[in-house]
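Asker: This is the structure I have questions about; it appears just below.
The values are calculated or read from the model by the stated rules, or taken from the named source; none is laboratory data. Note that the structure is a prediction, hence the values are computed from the model and not measured. Don't worry about glycine lacking a Cβ; one is built from the backbone with ideal geometry, like all the others, and counts go over all protein chains shown. Heavy atoms of the whole protein, side chains included, go into the accessibility calculation; ligands, DNA and RNA do not. Shrake-Rupley method; radii C 1.70, N 1.55, O 1.52, S 1.80 Å.
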Amino acid sequence: TPQIRSIAVLPLDNFSHDPEQDFFADGMTEQLIADLSKIGSLRVISRTSVMQYKEKRKSLPEIAKELNVDAVVEGSVLRDHDRVRITAQLLQAATEKHLWTETYDRDLRDVLDLQSSVARDIADQVRITLTPQEQARLGSRGRVDPEVYQLYLKGRYYANQGDEAPIRRGIGYFEEAIAKDSTYAPPYAGEAIAYASLASVYAAPKEVMPKAKTSAQKAVALDETLSEGHSSLAFVLMMFVWAWSGTDRELERRFELNPSPADALCLC
């Protein structure tokens with residue numbers, strides 16, 4: 001395998017033959033990016049940059065050249081009731097040579113560990129030795145309620161679209177996830193960034209930023225190891241509270257948990 005120090009995860013294809021499941025494939029793509037970003041010696045292209053290739057019309061070498069990466073991960077997601085199958089393949093960017101392919105089939109409740117397994121296997125293939133801290137970041141994360149997790153992914157899917165109506169729809173899904181499990185931290189982090197996004201154009205900061213702050217603080221309180229929680233709280237402290245020392249503290253913790261600069265102040 002040639003030396004690989006930079007990688008892009010292209011949007012995973014939705015093989016469920018149901019456009020309504022696009023949110024799930026996009027969510028799996030984002031989580032794989034987030035997991036790979038936890039490997040400090042691997043440069044991972046951000047979600048914002050790769051999602052433009054969702055309906056790609058360009059060749060793999062062209063995409064790799066534009067993103068300046070050594071390798072690309074492609075794949076697909078198939079969800080069938082409470083089962084999920086991810087197929088991933090690693091390709092050398094310049095030559096399109098297949099370096100590795102694997103298929104993972106798990107119960108939807110085990111989707112978090114499935115995602116970590118994919119990231120660890122890719123690290124093995126690019127010959128990166130994980131530090132003990134990185135092994136811990138990619139370690140077992142337990143099970144998740146499938147319904148809650150799907151509501152969370154729907155929230156991210158719509159909140160990432162940028163316009164007011166989908167952002168507010170995303171907040172609705174985050175609220176549904178929280179109502180079903182108030183101890184699950186990620187929806188609070190997603191909700192915080194969604195409210196902050198509204199403040200930039202669509203709503204008065206005094207209306208939505210206090211809600212963003214409350215959600216971000218709740219995310220960190222529930223799960224101190226959630227990098228997205230610290231990112232969202234840093235964003236709120238910087239843009240609304242203007243608490244620079246608090247911003248620095250939250251960003252420092254965020255980079256301890258996830259060393260990648262990609263999407264440092266948004267959901268990544």
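Asker: Plugging the Kirkwood radius over Cα pairs into Stokes-Einstein for segment 107-167, at a temperature of 20 °C and a viscosity of 1.002 mPa s, what D comes out in µm²/s?
Answerer: 158
Asker: Write down the accessible area per residue of the chain in Å², having rolled a 1.4 Å probe over the full set of protein chains. Let's see the in-between values first.
Answerer: Working: 12170 Å² over 268 residues.
About 45 Å² of surface per residue is accessible.
Asker: Among Ala204, Ala64, Ala194, whose mean-square fluctuation peaks in a Gaussian network model of the chain (Cα, cutoff 10 Å)?
Answerer: Result for the chain, Cα springs under 10 Å: Ala204 fluctuates most.
Asker: Normalised by the empirical 2.2 N^0.38 Å for globular proteins, what value does the Cα Rg of segment 124-237 take?
Answerer: On the way: Rg = 15.4 Å, N = 114, 2.2 N^0.38 = 13.3 Å.
That works out to 1.16 for segment 124-237.
Asker: Can you give the local net charge around Arg43? Use residues other than it whose beta-carbon is closer than 10 angstrom to its beta-carbon, Lys and Arg +1, Asp and Glu -1.
Answerer: Here the charged neighbours net out to 0.
Asker: Same structure, new question: Do any of Lys154/Lys180; Lys54/Lys206; Lys38/Lys206; Lys58/Lys154; Lys180/Lys213 go past 26 Å between their Cα atoms, and which?
Answerer: Lys54/Lys206; Lys38/Lys206; Lys58/Lys154
Asker: Give me the net charge of Asp248's neighbourhood, meaning all other residues with Cβ under 14 Å from the Cβ of Asp248; Lys, Arg count +1, Asp, Glu -1.
Answerer: In short, 0.
Asker: What translational diffusion coefficient, to the nearest whole µm²/s, does segment 147-193 have by Stokes-Einstein, given a Kirkwood radius computed over alpha-carbon pairs, a temperature of 25 °C and 0.890 mPa s viscosity? Could the numbers behind the result be given before it?
Answerer: Values: Rh = 9.9 Å.
So the translational diffusion coefficient is about 248 µm²/s.
Asker: To continue, here is another question. Mind checking the log10 I(q)/I(0) for segment 187-237 at q = 0.15, 0.18, 0.29 Å⁻¹? Debye, one equal scatterer per Cα, no solvent, two decimals.
Answerer: Relative scattering, expressed as log10 I(q)/I(0), comes to -0.31, -0.44, -0.98.
Asker: First compute the accessible area of the chain with a 1.4 Å probe, then give the percent of it belonging to carbon and sulfur atoms.
Answerer: Here carbon and sulfur together make up 48 percent of the probe-accessible area.
Asker: Continuing with the same structure: Which trypsin sites (Lys or Arg not before Pro) from segment 123-161 combine a DSSP loop assignment with at most 16 other Cβ atoms within 10 Å? Walk me through the numbers on the way to the answer.
Answerer: Details: sites: Arg127, Arg137, Arg141, Arg143, Lys154, Arg156; in loops: Arg127, Arg141, Arg143.
Here the sparse-neighbourhood loop sites are Arg127, Arg141, Arg143.
Asker: Could you give the semi-axes, largest first, of the ellipsoid that matches the chain, computed as the square roots of 5 times the alpha carbon gyration tensor eigenvalues and rounded to whole Å?
Answerer: 29, 21, 18
Asker: For segment 159-219, I need the span (max minus min coordinate) of the C-alpha atoms along each principal axis, in Å, sorted largest to smallest.
Answerer: That works out to 31, 20, 14 Å along the principal axes.
Asker: For helix 146-159, what angle does its Cα long axis make with the longest principal axis of the chain, in degrees from 0 to 90 and rounded to 10?
Answerer: The angle comes out near 80 degrees.
Asker: At 37 °C and 0.692 mPa s, grab the translational diffusion coefficient of segment 2-96 from Stokes-Einstein with a Kirkwood Rh over Cα pairs, rounded to a whole number in µm² per second.
Answerer: The diffusion coefficient I find is 241 µm²/s.
Asker: Given the convex hull over the Cα atoms of segment 1-47, what projected area results after averaging over all orientations, in nm²?
Answerer: 3.8
Asker: A follow-up question, please. Most fluctuating residue of Gln217, Gln52, Gln21 in a GNM of the chain with Cα springs under 10 Å: which is it?
Answerer: Gln52
Asker: Let me ask something additional. Per the Kirkwood formula on distinct C-alpha pairs, the Rh of segment 50-188 is how many angstrom?
Answerer: 17.2
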